[in-house]
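Just below is one structure, and these are the notes that go with it.
The values are calculated or read from the model by the stated rules, or taken from the named source; none is laboratory data. What you see is a predicted model; the values in this text were computed from it and never measured. Note that each Cβ is placed from the backbone with ideal geometry, even for glycine, and that neighbours are counted across all protein chains shown.
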Amino acid sequence: MEHRFFTAYPPPPGTVCEAAGVHPGPLLGRTVAVIGYGTMGRAQALNLRRSGIAVLVGVRDGSAAGPRASAEGLEVRSVAAAVAAADVVMLMLPDTAMAEAWTRDVVPNLRPGAAVGFAHGFAVAFGQIVPEPGRPCFLVAPKAQGDLLQELHVQGRGVPGLLAVTESSPPETWDLAAAYALSVGCLHGGGFVTTFRDECICDQFGEQTVLCGGVIELLKAAYDVMVESGYSPENAYFECVHELKLITDLLHRHGVAGLRSRISGTAAYGGLTRGPRVIDATVRQRLREVLGEIEDGSFARELLAEHGQTARLAAVEAEGPLARAAGTMLARLHPGDTQKETPT
Ligand SMILES: NC(=O)c1ccc[n+]([C@@H]2O[C@H](COP(=O)([O-])OP(=O)(O)OC[C@H]3O[C@@H](n4cnc5c(N)ncnc54)[C@H](OP(=O)(O)O)[C@@H]3O)[C@@H](O)[C@H]2O)c1
């Protein structure tokens, strides 16, 4: 049965796929194998099951995640067996493990016509995985962390998603991608058509310069300057870290202008005049340099060679002044908070 969720195939970048125009038809009667049961694999497998899609999970030998998936009621197989049984194979592995798993376990077992899907564009955009021409290959990148994707789906809500299909895929792969996005809860606010490369570059740039790099370094620097200048660690923590959540919530809900109109006049004037001195033209130049390293593939090569350093770098950071202050303050501000499991 033909499904036509888009008016043009391929839909041009910038097309927004609305949930109201999509149904799960292209997935019905088909089995999805979710390979990897980490943060994103777990969320997508549970969301698919909740949407009534046949799903099984593929894990490597000795995986700690396998028993967890079984305990959560999912059928678990080896990666090779899960691939061999599937019509749609979702690769939910660390980006640095994709190439090896693809060559060893996926390619020899992939059924003719089975589709492969991803939650992030890296493996395809930077040549770690090159599906053969004609193989349906799509990207549904949730614009949220995995646990949140799962929590919102339980509540009948969702997140926006980015959709892409490789140029050599059959046109109907777009309908499969849209149905998949709907079924895992990634069309809330729309599914935005892009390419594997653009999704990957934008995602990594945002992580590196703002979300997981720039903001954290700004917080560390501001905290250090205050404490070195004789102000109490508690004052520094409240002003530079704790209140960040309040501000980002306002920004998320009301935008930049709405944020400005909701803070004090002093905060607005100070931010508008001092912010550009901190984030000046030299910072913008370094942002362009970081973007260039992602675009020309040098970050990809470095990641694949050096990702083993991540735990050591994180351990060094965990011994730093801000991380230690956070430990103390969080124990005081959120006593008894433990890691909460997300519902199944
Ligand atoms: N995390 C997020 O919120 C998020 C958000 C958007 C997109 N994504 C994307 O989603 C994908 C999965 O990321 P993730 O964060 O969910 O990864 P993750 O939490 O690190 O989970 C990876 C899973 O893969 C398994 N695994 C690791 N190496 C393997 C190998 N060589 N062969 C087979 N299985 C292996 C791990 O199983 P073991 O139990 O065996 O270690 C684990 O179940 C990535 O493409 C990522 O960019 C993630």
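Scanning region 194-226 for residues that are more than 12 Å from the ligand (Cβ to nearest atom), within 20 Å of Val124 (Cβ to Cβ), in contact with a Leu (Cβ under 6 Å, 6 or more places away or on another chain) and part of a helix (DSSP H, G or I) yields a single hit, Phe205. Filtering region 285-335 to residues that are small (Gly, Ala, Ser), in a helix (DSSP H, G or I) and closer than 18 Å to Lys220 by Cα leaves Ala314, Ala315, Ala318, Ala323, Ala325, Ala326, Gly327. Quick check: anything in region 168-176 of a type outside the set (Asp, Glu) and either more than 30 Å from Arg104 (Cα to Cα) or within 16 Å of the ligand (Cβ to nearest atom) (or both)? No; the residues of region 168-176 include none that is of a type outside the set (Asp, Glu) and either more than 30 Å from Arg104 (Cα to Cα) or within 16 Å of the ligand (Cβ to nearest atom) (or both).
Hey, does region 113-127 have a residue that's in contact with a strand residue (DSSP E or B) (Cβ under 8 Å, 6 or more places away or on another chain), in a helix (DSSP H, G or I) and either over 12 Å from Val165 (Cα atoms) or within 14 Å of the ligand (Cβ to nearest atom) (or both)? Checked against the condition, which is being in contact with a strand residue (DSSP E or B) (Cβ under 8 Å, 6 or more places away or on another chain), in a helix (DSSP H, G or I) and either over 12 Å from Val165 (Cα atoms) or within 14 Å of the ligand (Cβ to nearest atom) (or both), region 113-127 yields at least one hit.
In the set Val165, Val154, only one residue is at pLDDT 95 or above, over 17 Å from the mean Cα position of the chain (by Cα) and either surrounded by fewer than 19 Cβ atoms within 10 Å (Cβ to Cβ) or outside the structural domain of Val55 (by TED's automatic domain parsing) (or both); that residue is Val154. In this structure, is Leu152 touching a residue at least 12 places away in the same chain (Cβ under 8 Å), away from the ligand (no atom under 11 Å from the Cβ) and over 19 Å from Ala33 (Cβ atoms)? So Leu152 passes the test.
When Val55 is tested against (1) surrounded by 16 or more Cβ atoms within 10 Å (Cβ to Cβ); (2) more than 16 Å from the ligand (Cβ to nearest atom); (3) more than 20 Å from the chain's Cα centre (by Cα), just one condition goes unmet, and that condition is (2).
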